[in-house]
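Q: This is the structure I want to talk about, given as structure tokens.
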Amino acid sequence: MYQMDMEDIKGHESARRAIEIAVAGRHNIMMFGLPGSGRTMMARRITTLFSAETQFRAPHHTISVQGLVGGGVPLFPGEVTRAHNGVLFLDEFQEFRKSVLECLKTPVSERAIVFTRNGSSITMPCDFMLVAAMDWCPCGKEGDHCTCAFEEVKRHWTRVNAFLRDYFDVYADMWLIPYRRCIKLPKGESSATMLNRIKIARNRQLARFAGEMTTCNSGIATIHLKDHCVLEPAAVKALEDYINEYGVDAKGFDKTLRVARTVADLADAENISLEHIEEAIQLRELPRKDKD
């Protein structure tokens, strides 16, 4: 039986780096790009970067609220629980119904979902890594080849913008690599090599959070960010400039710090440097939403 591996993916170095950071800190990640750029192929190989065998669930965008979060009589688990300790992949994110995306808020933030039946409460775990993919615009071409009207692109982003900011810590762009160029590229770095670096970062987190409620950087409580995310002076200045220039809100500020902490852990660094914060800021940038 064929074993998937990250080395199957040629090119896409920036997206691969984003995936490595996301897995290392258990950050939710959204991949943007053109159809055929390899987003699904990349997503299906994320589980090869986990130390143990991991669940990978990829429900279709027509799934119901109950199918995603569970419920019914008798009570049954939804995809969020089936993906516990694994990966929940939502391909064509923009096609999921708004009501379905809204019901993800509790599972994403609480990592558990509670049902009440006959006066009793039943808690189902759903501690998963959320991975999603969507097109830059409705026609899926973007740039000079985009055939969408301005209002179409605006609606495309308006529909999902709140979910992008609430649910995801890391964003990655994936470009279409022409076939003739792709066949000449060498194999990508293997899952085993990437996993070795991820293990170092994960071990740092396990030691850091001993006795706390979380085991990974994505779960650092806001009140503990100052203790766990010590920035060097140059990093403080860069973060302040970023906040002032882009009007980043408190939630965005916290997410940026958590991602920077993971970047520093992958570098086996105690404090967050300018280089670490700059990479985190880059990973937090959404792609351009408007046509020229």
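Just so you know, all these numbers are worked out from the coordinates, no wet-lab data involved. This is a predicted model, so every value here is computed, not measured. No Cβ is skipped: glycine too gets one built from the backbone with ideal geometry, and neighbour counts run over all protein chains shown.
Q: When Lys and Arg each count +1 and Asp and Glu each count -1, what net charge do the other residues less than 11 Å away from Ile63, Cβ to Cβ, add up to?
A: It works out to a net charge of 0.
Q: Going through region 47-108, which GluC sites (Glu not before Pro) have at most 11 other Cβ atoms within 10 Å and a DSSP loop state?
A: Hits after loop and neighbour filter: Glu53.
Q: Using just the helices of the chain, give the 222 nm mean residue ellipticity in deg cm²/dmol: DSSP H runs with n ≥ 4 each add -39,500 (n - 2.57), and the total is spread over all residues, rounded to 500.
A: After summing the helix terms and dividing by residue count, I get -11500 deg cm²/dmol.
Q: Something else: Report, for the chain, the % of DSSP beta bridges that are antiparallel, rounded to 5.
A: Just about 35 percent of them are antiparallel.
Q: Mind running the shape call on region 55-203? Use the C-alpha gyration tensor, a ≥ b ≥ c as the square roots of the eigenvalues: rounded below 1.5 for a/c, prolate if a/b tops b/c, oblate otherwise.
A: Oblate shape, in that a/c is at least 1.5 and b/c is the bigger or equal ratio.
Q: Please report, in debye to the nearest 20, how large the charge dipole of region 212-283 is about its Cα centre when each Lys and Arg carries +1 at its beta carbon and each Asp and Glu carries -1 there.
A: About 260 debye.
Q: If you don't mind, another one. State which entries of Lys154/Lys255; Lys10/Lys237; Lys141/Lys184; Lys98/Lys141 exceed 27 angstrom in Cα-Cα distance in the structure shown.
A: The pairs that break the limit, which is 27 Å between Cα atoms, are Lys10/Lys237.
Q: Can you compute log10 of I(q)/I(0) for region 212-283 with the Debye formula, treating each Cα as one identical point scatterer, at q = 0.12, 0.14, 0.16, 0.22 Å⁻¹?
A: -0.27, -0.37, -0.49, -0.93
Q: Measure out, as a whole number of angstrom, how far apart the alpha-carbon centroids of region 107-140 and region 214-264 sit.
A: 25 Å
Q: Would you mind counting up the charge near Phe209? Only other residues with Cβ under 12 Å from its Cβ, with Lys and Arg at +1 and Asp and Glu at -1.
A: Cβ neighbours under 12 Å give a net charge of +2.
Q: Using only alpha carbon pairs under 8 Å that are at least six residues apart, calculate the relative contact order of region 115-175 and give it in whole percent.
A: 20 percent
Q: Is the shape of the chain best called rounded, prolate or oblate, per the rule: a/c under 1.5 gives rounded, else a/b larger than b/c gives prolate, else oblate, with a ≥ b ≥ c the square roots of the Cα gyration tensor eigenvalues?
A: Verdict is rounded for the chain.
Q: Sequence-distant or interchain residues sharing an amide H contact under 5 Å with Leu90, placed H: which?
A: Here the answer is Val131, Ala132, Ala133, since their amide H atoms fall under 5 Å of that of Leu90.
Q: On to the next question. Normalising by the residue count of region 212-283, find the relative contact order in percent from Cα pairs under 8 Å and 6+ residues apart.
A: Averaging sequence separation for qualifying contacts and normalising by length gives 41 percent for region 212-283.
Q: Which ³J(HN,Hα) values, rounded to whole Hz and listed in residue order, are derived for region 107-113 from phi using the Karplus coefficients 6.51, -1.76 and 1.60 in 6.51 cos²θ - 1.76 cosθ + 1.60 with θ = phi - 60°, glycine and proline given as x?
A: My calculation for region 107-113 gives x, 5, 7, 9, 6, 6, 9 Hz in order.
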